[in-house]
Amino acid sequence: MPDAYIIGIETSCDETAAAVVRSGEEIVSNVVASQIALHQPYGGVVPELASREHLRAIVPVVRQALQESKQTYATLDAIAVTQGPGLAGALLVGISYAKALAYALDKPLIAVNHLEGHIHAVLLEDHAKGNHAVEFPVLALVVSGGHTHLYLAEQRRASWVYENVGHTRDDAAGEAFDKTAKLLGLGYPGGPVIDRLSSHGDPTAVKFAISQMKPRDRRDRSKDQNKDHGLPEISRPHFDFSYSGIKTAVLRHVETHNMRERVEARHKALSAIAQPQLEDYLALCDQETLDLIASFQRAVVGDLVSKTLTAARACNAATLFVTGGVAANAELRHTFEREAAKEGLPAYFPSRPLSTDNAAMIAAAAYPRLLARQFAPADFCAEPGLVLR
Ligand code: KG4
Ligand code: ZN
């Protein structure tokens with residue numbers, strides 16, 4: 001097939017994004033309008049505000065992505081949009097706009113799973129480096145504010161099929177970063193701040209124990225979401241994560257170490273600064289707080305890495321992908337690189353801007369579907385709990 005230009009649209013959470021990608025491998029434009037400032041005063045994403053902001057931003061964002069791509073509506077080959085998982089109202093904005101665009105332009109419409117988008121963000125970078133030969137099976141850790149999932153992926157002709165071999169029983173890892181930052185008075189989102197502050201603390205200062213759940217075998221999984229996945233029925237253990245306990249442990253530490261007043265003073269001082277810089281955070285964090293932050297991050301990173309590598313061994317994975325917002329974390333990347341290298345397992349990550357939500361990953365994930373002519377029916381709906389298989 002000659003070059004194919006797909007415009008991707010992503011509105012599943014708090015980023016309104018549009019991007020044009022050539023043949024699933026070259027980003028020709030990539031526009032992300034973040035709503036962080038809008039949700040910051042509430043310490044998390046407010047779904048109703050997110051939908052309204054998507055509605056306001058979608059037209060200018062798509063226009064800018066098209067303009068910067070040097071393509072026109074006429075030269076586009078397809079329109080791709082996130083179908084789920086995500087916030088229902090937020091997804092609906094992107095889907096309605098994409099449907100209208102596809103109908104008006106008489107172009108194919110491709111529905112993309114947001115999680116498959118995160119996985120293809122890794123490939124996008126890899127393809128750009130000229131590396132087309134990824135060895136299968138791939139074990140992909142998708143770790144973000146809403147998800148902590150392990151997928152085993154195989155390729156069937158142009159398409160990929162996935163089996164979920166692990167997920168969080170409660171909070172996602174990114175959610176633990178966000179909630180911990182909030183209860184330390186550090187604002188929202190917490191991941192990037194904790195990432196930068198951690199190198200200033202002692203990661204061995206506070207001992208956190210993350211719940212260790214024994215891998216479940218297949219018989220225990222009869223009610224699992226991916227019973228009908230596309231991979232052959234092989235008996236495989238299932239790896240569970242859990243991050244709600246560590247958030248409670250941080251809260252208990254704050255209370256038993258009389259840190260509450262300092263947290264409130266920090267929160268107040270940071271709220272008064274429009275765009276706090278690293279120096280502002282450092283000036284407002286005593287060593288005890290920095291040690292707590294570093295210890296929290298070390299515990300979460302250690303758990304993500306050890307469980308993922310155990311799963312990689314059990315599933316005989318040939319390649320490891322680590323993707324999603326938390327994959328931007330420096331300690332997570334270094335630890336995965338070091339530990340995977342010890343096992344001779346190639347580990348790939350998206351670049352930091354492509355780790356968090358964007359639409360280039362949606363356009364990239366749509367390319368194999370364009371080749372396979374897997375188009376969405378005109379009446380397809382948003383699916384907030386869409387499963388990847
Ligand atoms: O992928 P993403 O943009 O949205 C979801 O699909 O959820 O991920 C956002 C999440 C937030 O929880 C944020 O705190 C976390 O990713 N995050 C990080 C870092 N950058 C973003 N967590 C740890 N370290 C980072 N550098
Ligand atoms: Zn995401």
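The values are calculated or read from the model by the stated rules, or taken from the named source; none is laboratory data. Keep in mind that what you see is a predicted model, and the values were worked out from it rather than measured. As a convention, Cβ positions derive from the backbone with ideal geometry for all residues, glycine included, and neighbour counts pool all protein chains shown. Only protein heavy atoms, including side chains, enter the accessible area calculation; ligands, DNA and RNA are left aside. Shrake-Rupley method; radii C 1.70, N 1.55, O 1.52, S 1.80 Å.
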Original post:
Are any of the residues in the stretch 241-260 surrounded by 19 or more Cβ atoms within 10 Å (Cβ to Cβ), touching a strand residue (DSSP E or B) at 6+ places or on another chain (Cβ under 9 Å) and either at pLDDT below 80 or closer than 30 Å to ARG313 by Cβ (or both)?
Top reply: yes
Original post:
Are there any pairs with C-beta distances below 8 angstrom linking a residue in the stretch 15-33 that is without any contact (Cβ under 8 Å) to a residue 40 or more places away in the chain to a residue that is among the β-branched types (Val, Ile, Thr), with the two at least 6 apart or on different chains, and if so which?
Top reply: ARG22/VAL28; ALA33/THR16; ALA33/VAL61
Subject >> Single unsatisfied condition, ALA133 versus (1) out of contact with any strand residue (DSSP E or B) (no Cβ under 9 Å at 6 or more places or on another chain); (2) hydrophobic (A, V, I, L, M, F, W, C); (3) within 30 Å of THR319 (Cα to Cα); (4) not in a loop (DSSP other than H, G, I, E, B) >> reply: (4)
Original post:
Name the residues in the stretch 135-167 that are away from ligand 2 (no atom under 16 Å from the Cβ) and open to solvent by 10 Å² or more (accessible area, probe 1.4 Å), would you?
Top reply: GLU135, PHE136, PRO137, GLU154, GLN155, ARG156, ARG157, ALA158, SER159, TRP160, VAL161
**OP:** Collect the residues in the stretch 157-199 that are touching a Lys or Arg at 6+ places or on another chain (Cβ under 9 Å), more than 8 Å from ligand 1 (Cβ to nearest atom) and assigned to a helix (DSSP H, G or I), keeping them in residue-number order.
**Re:** ALA176, LYS179, THR180, LEU183, SER198
Original post:
When residues of the stretch 81-101 are filtered for being more than 18 Å from the chain's Cα centre (by Cα) and aliphatic (A, V, I, L, M), how many remain?
Top reply: 6
Subject >> Count of the stretch 9-25 residues which are within 13 Å of ligand 2 (Cβ to nearest atom) and open to solvent by less than 10 Å² (accessible area, probe 1.4 Å) >> reply: 4
**OP:** Of the conditions (1) closer than 17 Å to SER199 by Cβ; (2) open to solvent by 30 Å² or more (accessible area, probe 1.4 Å); (3) under 28 Å from the mean Cα position of the chain (by Cα), LEU290 clears all except one; give me its number.
**Re:** (2)
Subject >> Filtered residue count, the stretch 337-378, keeping only those that are away from ligand 1 (no atom under 14 Å from the Cβ) and under 13 Å from GLY324 (Cα atoms) >> reply: 1
Subject >> Wholly enclosed helices (runs of 4 or more DSSP H) of the stretch 41-129 bearing at least 3 residues farther than 28 Å from ALA327 by Cα, at pLDDT 95 or above and open to solvent by less than 10 Å² (accessible area, probe 1.4 Å) >> reply: none
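Results for (1) under 27 Å from ASP240 (Cβ atoms); (2) β-branched (Val, Ile, Thr); (3) under 15 Å from the mean Cα position of the chain (by Cα), shown as yes or no for each residue.
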site	(1), (2), (3)
GLU125	no, no, no
VAL138	yes, yes, no
GLY146	yes, no, yes
LEU152	yes, no, no
ASN164	yes, no, no
ALA173	yes, no, yes
Original post:
What single numbered condition from (1) modelled with pLDDT of 95 or more; (2) under 20 Å from GLY43 (Cα atoms); (3) β-branched (Val, Ile, Thr) fails to hold for VAL300?
Top reply: (2)
Subject >> Any helices (runs of 4 or more DSSP H) falling wholly within the stretch 234-323 and containing at least 2 residues that are in contact with a Leu (Cβ under 9 Å, 6 or more places away or on another chain) and closer than 21 Å to ILE210 by Cβ >> reply: 244-256, 287-314
